[in-house]
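Below is one structure; the comments refer to it alone.
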Amino acid sequence: MAQLLDGKAVSKILKEEIREEIATWKEKGVQPKLAVILVGDDPASVVYARSKQKVCEGIGMAFELFTMPSSTPEAEILATIEKLNNDQNVHGIMIELPLPKGIRKETVMAAVRPDKDVDGVHPINRGYILSGEEGLFPATPQSCIELLLRSGVEIAGKHVVIVGRGETVGKPLVFLILKHNATVTICHSKTPDLGAFTRQADILIAAVGRAKLIKKEMVKAGAIVVDAGINEIPGGICGDVDFEAVQDVAALISPVPGGVGSLTTALIMRNVLKGIVLQGGVR
Ligand code: NAP
């Protein structure tokens, strides 16, 4: 029976580290601050924004929520971003997605200063992932890596098979995990005989968005399985891995909920602190 990759436990440790780092910044006269822009009333986005606020309150980070009706013109959203870009007291800016119809997501994302782009979606940060330079990178792929490393898993030299090449998780993860000297295979919806690839994985990471796609017979005995998927099912959520069956063959497995997703908010906060450094630290 597999042991759990416990996202909640790792998240607790991360938040404690971030709390301490915030205290150090405060001693230097910097109050780290995250600004979140919420356009429209998408219920999930409202919940995500509020949960960030709660985490900020818990770790001593300042938080400001900018809510705008879904009828807000794009120019007004861009003007708010510009104001926050120029505000020395704001170190991280995050736009909750999805944006209402008619608002160009790419234009809005590219308007955020790269060194305040704590969601890691600006084209410059996406380029830094490829080049290996320091930048702000998306939280979910970072969560997969943190969950492994902080659970004592050696990534270097392992064959990592990633299922999913989405812009949010799979694609950035390829380059972030390459930095850890893994050998990487990436699969997607056009991969014939998915199981032939997943069975080769020492570390199998699913980032697809298809409930229980990864079955027991697709996993090598003793493999480490990280499930980044979040799928709504009657009565709750589940991952992309058939957890109940796969835990019989895997050595380590992350649950959903309680795995990858538990780390993401903390890693956004860590990006805010990295942003302060990229912005030049104490002014
Ligand atoms: P996405 O952009 O929709 O990408 C999904 C990927 O899965 C695509 O590359 C797609 O292939 C591939 N795929 C779809 N069906 C497949 C199949 N049957 N076999 C193999 N590959 C298949 O999704 P995303 O935004 O990257 O998100 C992926 C998952 O992570 C979702 O469940 C999402 O909810 C979850 N997520 C979790 C968090 C978190 O905090 N834990 C945060 C963000 C996202 P093609 O490229 O060929 O279409």
Problem set entry | Scope region 211-225; condition near the ligand (Cβ under 10 Å from one of its atoms) and either modelled with pLDDT under 95 or in contact with a Ser or Thr (Cβ under 7 Å, 6 or more places away or on another chain) (or both); matching residues | Ile214
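Residue by residue through region 250-283, note down the ones that are β-branched (Val, Ile, Thr), within 12 Å of the ligand (Cβ to nearest atom) and part of a helix (DSSP H, G or I).
So in region 250-283, the residues β-branched (Val, Ile, Thr) come out as 253, 256, 260, 264-265, 268, 272, 276-277, 282.
Subset that is within 12 Å of the ligand (Cβ to nearest atom): 256, 260, 264-265, 268.
Listed by number, the residues that qualify are Val260, Thr264, Thr265, Ile268.
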For this session: Could you check Met109 against (1) touching a residue at least 24 places away in the same chain (Cβ under 8 Å); (2) buried (at least 16 other Cβ atoms within 10 Å of the Cβ) and say which number it fails?
Result: (1)
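Consider Asp202 carefully, then state whether it is at pLDDT 95 or above, charged (D, E, K, R) and under 12 Å from Ile155 (Cα atoms). Don't jump to the end; show me each part of the working.
Working: at pLDDT 95 or above: yes; charged (D, E, K, R): yes; under 12 Å from Ile155 (Cα atoms): yes.
For Asp202, the condition - at pLDDT 95 or above, charged (D, E, K, R) and under 12 Å from Ile155 (Cα atoms) - is met.
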Exercise. Which numbered condition trips up Gln247, out of (1) in the same structural domain as Arg126 (by TED's automatic domain parsing); (2) away from the ligand (no atom under 14 Å from the Cβ)?
Worked result: (1)
Problem set entry | Residues of region 218-247 satisfying the condition of being touching a residue at least 60 places away in the same chain (Cβ under 8 Å) and of a type in the set (S, T, N, Q) | Gln247
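Return the residue satisfying two criteria in turn: it lies in region 153-173 and is in a helix (DSSP H, G or I) and closer than 23 Å to Leu14 by Cβ, and of such residues it is nearest to the ligand (Cβ to nearest atom).
Step by step, filter region 153-173, then rank; the result is Gly170.
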Exercise. Does region 187-210 hold any residues that are surrounded by fewer than 19 Cβ atoms within 10 Å (Cβ to Cβ) and within 9 Å of the ligand (Cβ to nearest atom), and which are they?
Worked result: His188, Ser189, Lys190, Thr191, Leu194, Gly209, Arg210
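The values are calculated or read from the model by the stated rules, or taken from the named source; none is laboratory data. These numbers come from a predicted model, not from an experiment. Positions of Cβ are generated from backbone atoms using ideal geometry, with glycine treated the same way; all protein chains shown enter the neighbour counts.
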